[in-house]
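Worksheet: the structure to be examined is printed underneath.
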Amino acid sequence: MTMRALQASSPEFELTRGGSFGIYVHVPFCATRCGYCDFNTYTPGELGGATPQGWLEAVRVELALAARRLSGPAVDTVFVGGGTPSLLGGAGLAAVLDAIRAEFTLAADAEVTTEANPESTSPEFFAGIRAAGFTRVSLGMQSVAPAVLRVLDRVHSPGRALDAAREAQAAGFEHVNLDLIYGTPGETDDDLRRSVAAALDAGIDHLSAYALVVEDGTALARRVRRGELPAPDDDVLARRYELLDGWLAQAGLRWYEVSNWSRPGAECRHNLGYWGGGQWWGAGPGAHGFIGDTRWWNAKHPNAYAQILADGALPIAGFEVLDARDRHVEDVLLQIRMRTGLPLTLLDADERGRARAAVADGLLTEADRRLRLTDRGRLLADGVVRDLLSD
């Protein structure tokens, strides 16, 4: 991409009217750090005195500034992510939603999601956040295989995520998602099969599954570099993807984005906003937002984030303004990953020629003037995008 990265404390925001608008709130707290994680999260010893209450007060200030900048558009979706939002407890998450309601109007059918770590949830937790107005829960499961969880440094027991999913449904949540990670060193096909079967048996209507990526700077990357663990094998990852896709399809969960499957009507609307060109305000330390043609990211550490807000400014560490080419690249990159596919009219003549080559290679299909990934194409989605956009 050729985005122009600009550094300034306060870009101009011009909301494009008529599309979806969401709010993402980043909770940076974690009890421990998983070995594969490179998200903007902090364990108690890394917080430098920052507290959840101080974080919440700073988020309230940011939301108030955002509402004034944007003239308070109606909010279609809310997503509280992290980190571990469930460490705030039910009352803390209710306070986050109250802070949004204090500055913005939620649409009557707004989707309101929180992520949660199974170990920091309970029946009372789910009942509390459901009563507060949350409509969707996403639980980190990763695997039911104890050996896999140990490699990932996950602290929850193999069955806790499944119990949490059932507790959420008992509390009135119609939409419950479980996250899986596949391709962990030492994982077997049967480990994945049992994980998928257990998730389905828990009655969930949405599942996200991600190939393990060894990110630089993580504990997992250091173990791979020292030779303690093998790096994920691309052929194994491809086979595991095909297996879980087949199992989920047999159970009635259809892929709607390369890494996401759901029953009809249970798609995550907030994520569809990301992939479909929607706009959102990202609040919290390290959060990213996108309004009009401007993408920005906040100061990462909770203390730095709070201090900038205390000084009366938005906590923006940097931003970039997308030109027409940047937007085109993003549209192709994101829309091709969705089951609905990419309108052929979005491509120029050269790109349409390369798309015909991808169709001939069995990577794309063309129907109703839209391009869609084939099953084989999903395994090579990044390469398909690179080929379409190559100059």
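The values are calculated or read from the model by the stated rules, or taken from the named source; none is laboratory data. From a predicted model like this one, the values you see are computed outputs, not experimental measurements. Note: ideal-geometry Cβ built from the backbone for every residue, glycine included; neighbour counts use all protein chains shown.
Looking across segment 311-364 at every residue that is β-branched (Val, Ile, Thr) and in contact (Cβ under 8 Å) with a residue 24 or more places away in the chain, the one that is nearest to ARG254 (Cα to Cα) is identified as THR340. Within segment 198-252, the set of residues being farther than 14 Å from PRO185 by Cβ, among the aliphatic types (A, V, I, L, M) and not in a helix (DSSP H, G or I) comprises ALA202, ILE204, LEU207, ALA209, ALA251.
Checked against the criteria, TYR241 counts as in contact with a Phe, Trp or Tyr (Cβ under 9 Å, 6 or more places away or on another chain) and in contact (Cβ under 8 Å) with a residue 12 or more places away in the chain. Does ALA304 satisfy the condition of being of a type in the set (A, V, I, L, M, F, W, C) and without any contact (Cβ under 8 Å) to a residue 40 or more places away in the chain? In short, yes. Quick check: is even one residue across segment 147-166 modelled with pLDDT of 95 or more, of a type in the set (Val, Ile, Thr), within 21 Å of LEU88 (Cβ to Cβ) and surrounded by fewer than 23 Cβ atoms within 10 Å (Cβ to Cβ)? No, segment 147-166 contains no residue that is modelled with pLDDT of 95 or more, of a type in the set (Val, Ile, Thr), within 21 Å of LEU88 (Cβ to Cβ) and surrounded by fewer than 23 Cβ atoms within 10 Å (Cβ to Cβ). Each residue in segment 161-191 was checked for being touching a His at 6+ places or on another chain (Cβ under 6 Å) and without any contact (Cβ under 8 Å) to a residue 24 or more places away in the chain, and 0 of them qualify. When GLY49 is tested against (1) part of a helix (DSSP H, G or I); (2) in contact (Cβ under 8 Å) with a residue 60 or more places away in the chain, exactly one condition is not met: (1). Just so you know, in segment 180-197 the residues that are of a type in the set (Gly, Ala, Ser) and part of a helix (DSSP H, G or I) include one that is nearest to the chain's Cα centre (by Cα), and it is SER195.
Of all residues in segment 260-280, count the ones that are part of a loop (DSSP other than H, G, I, E, B) and touching a residue at least 60 places away in the same chain (Cβ under 8 Å). Result for segment 260-280: 6.
Tallying residues that are free of Cβ contacts under 8 Å to residues at least 60 places away in the same chain and closer than 26 Å to GLU242 by Cβ within segment 369-391 yields 14. The residue that is modelled with the lowest pLDDT, counting only those in segment 251-285 that are surrounded by fewer than 21 Cβ atoms within 10 Å (Cβ to Cβ) and at positive phi, is GLY277. No other residue among GLY54, GLY35, GLY90 is in the same structural domain as THR218 (by TED's automatic domain parsing) and either at positive phi or modelled with pLDDT under 95 (or both) apart from GLY35. Looking at ILE181, ILE204, which one is aliphatic (A, V, I, L, M), in contact with a helix residue (DSSP H, G or I) (Cβ under 6 Å, 6 or more places away or on another chain) and either surrounded by 16 or more Cβ atoms within 10 Å (Cβ to Cβ) or at pLDDT 95 or above (or both)? None of the other options fit; the residue is ILE204. Just wondering, is there one or more residues in segment 94-112 that are in the same structural domain as GLU174 (by TED's automatic domain parsing) and within 30 Å of ALA219 (Cα to Cα)? No. Scanning segment 159-188 for residues that are closer than 22 Å to VAL214 by Cα and of a type outside the set (Phe, Trp, Tyr) returns LEU178, ASP179, LEU180, ILE181, GLY183, THR184, PRO185, GLY186, GLU187, THR188. Scan segment 97-119 and tell me whether some residue there is touching a Ser or Thr at 6+ places or on another chain (Cβ under 7 Å), more than 17 Å from GLN169 (Cα to Cα), modelled with pLDDT of 95 or more and outside any strand (DSSP E or B). Taking every residue of segment 97-119 in turn, none turns out to be touching a Ser or Thr at 6+ places or on another chain (Cβ under 7 Å), more than 17 Å from GLN169 (Cα to Cα), modelled with pLDDT of 95 or more and outside any strand (DSSP E or B). Across segment 66-89, the number of residues qualifying as surrounded by 19 or more Cβ atoms within 10 Å (Cβ to Cβ), assigned to a helix (DSSP H, G or I) and touching a residue at least 40 places away in the same chain (Cβ under 8 Å) comes to 3. Residues in segment 185-192: is at least one closer than 19 Å to CYS34 by Cβ, surrounded by fewer than 23 Cβ atoms within 10 Å (Cβ to Cβ) and either not assigned by TED's automatic domain parsing to the domain that holds ARG223 or not acidic (Asp, Glu) (or both)? Checking segment 185-192: at least one residue is closer than 19 Å to CYS34 by Cβ, surrounded by fewer than 23 Cβ atoms within 10 Å (Cβ to Cβ) and either not assigned by TED's automatic domain parsing to the domain that holds ARG223 or not acidic (Asp, Glu) (or both).
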